[in-house]
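Just below is one structure, and these are the notes that go with it.
The numbers here are math on the coordinates, done by the rules we state, and not lab data. The structure presented is a predicted model; accordingly, all values stated were derived computationally and were not measured. For neighbour counting, all protein chains shown are included, and Cβ atoms are generated from backbone atoms with ideal geometry for every residue, glycine included.
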Amino acid sequence: MGIKITIPTRLLTFKASERDDWRNGLRENCTDEYLRTLSGTKGFGEYIVGKHYEDRGYKYLHRFGIFGGNKIGTFPDGDLVIKNRFGEDFFVKSRTLYPSFNEKVRLELPDLLIYKPDFSEIKFVEVKRQDTNDKLNTAQVRTLALLNLLLECDVEIFEVFLDSNAKQINDVIWEF
């Protein structure tokens, strides 16, 4: 018997007009600098989920590094969150894990790092947009499960639907 992890899957809806505004570059309500620069509707689902959390007193980042897959300082805001939440020692040690993974055991970092402004809470979120037929893959689920186990923090999956297309969704269960 292995370790079993249930990853909550949440549903959020959007209006077609919100997506159209995003596509047309109306992004002044988006606090993530990188998401604002993406073309077309790229980053729209992440914005919808990020806004959902902002309305509840959180902040969010689309670009962050953990495990050492990037150079320190590439994503300074993400580095700051990780250091403030887990400490400098953890931050440095976590940077050594990336070489442990290879083609057979791939990791794919989640779309969003969600955190309280005082760094008392942190969670990682994968976002899937149904209108683009975006699907969850094994590397994404594996990474969420590892983040949950190693950091003892919440992880979630959000399915983002056009409001008229919302349907029943189920949590994801991962077993090691």
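Suppose R0 equals 30 Å; then what is the FRET efficiency for Asn133 and Asp77 from their Cβ-Cβ distance, rounded to the nearest 0.05? Spell out each step's value before the answer.
Working: r = 31 Å, r/R0 = 1.02.
FRET efficiency, Asn133 to Asp77: 0.45.
Taking 0.36 nm per intervening residue step and subtracting the Cα-Cα distance, what contour gain separates Lys167 from Asn24 on full extension?
Details: separation 143, 0.36 × 143 = 51.48 nm, distance 2.73 nm.
Working it through step by step, the gained length comes to 48.7 nm.
Compute the FRET efficiency between Glu108 and Ser17 as 1/(1 + (r/R0)^6), taking r as their Cβ-Cβ distance and R0 = 22 Å, and round to the nearest 0.05.
Numbers: r = 31 Å, r/R0 = 1.42.
For Glu108 and Ser17, the calculated efficiency is 0.10.
What is the diffusion coefficient of the range 4-175 in µm²/s, taking the Kirkwood radius over Cα pairs and the Stokes-Einstein relation at 20 °C with a viscosity of 1.002 mPa s?
128 µm²/s
Quick one: putting +1 on the C-beta of Lys and Arg, -1 on the C-beta of Asp and Glu, what dipole do you get for the range 4-175 around its Cα centre, in Debye to the nearest 20? Before the final figure, lay out each step's value.
On the way: 26 positive and 28 negative charges, 73 e Å.
Dipole about the Cα centre, nearest 20: 360 debye.
Collect residues whose amide H, placed 1.01 Å from N in the peptide plane, falls under 5 Å from the amide H of Ile7; neighbours closer than 5 in sequence don't count.
Result for Ile7 returns Val172, Ile173, Trp174.
Between the range 6-43 and the range 115-142, how far is it from one alpha carbon centroid to the other, in angstrom?
Computed from Cα coordinates, the inter-centre distance equals 14 Å.
With contacts defined as alpha carbon pairs under 8 Å and 6 or more residues apart, what's the relative contact order of the chain in percent? Intermediate results must be reported in sequence, preceding the final value.
Numbers: 274 pairs, mean separation 60.1, N = 176.
Averaging sequence separation for qualifying contacts and normalising by length gives 34 percent for the chain.
Calculate one ³J(HN,Hα) per residue across the range 161-170 by plugging θ = phi - 60° into the Karplus curve 6.51 cos²θ - 1.76 cosθ + 1.60, and present them in order as whole Hz with x for glycine and proline.
Whole-Hz 3J(HN,Hα) from phi for the range 161-170: 10, 4, 3, 7, 10, 4, 9, 5, 10, 10.
Would you compute, from DSSP H runs of 4+ residues alone, the mean residue ellipticity of the chain at 222 nm, taking -39500 (n - 2.57) per run and dividing by the full residue count, rounded to the nearest 500? Could you put the intermediate results ahead of the total?
On the way: 6 runs with 56 residues, N = 176.
That comes out to -9000 deg cm²/dmol.
Find the all-direction average of the projected area of the Cα convex hull for the range 1-71, expressing the result in square nanometres with one decimal place.
Working: hull surface 29.4 nm².
That works out to 7.3 nm².
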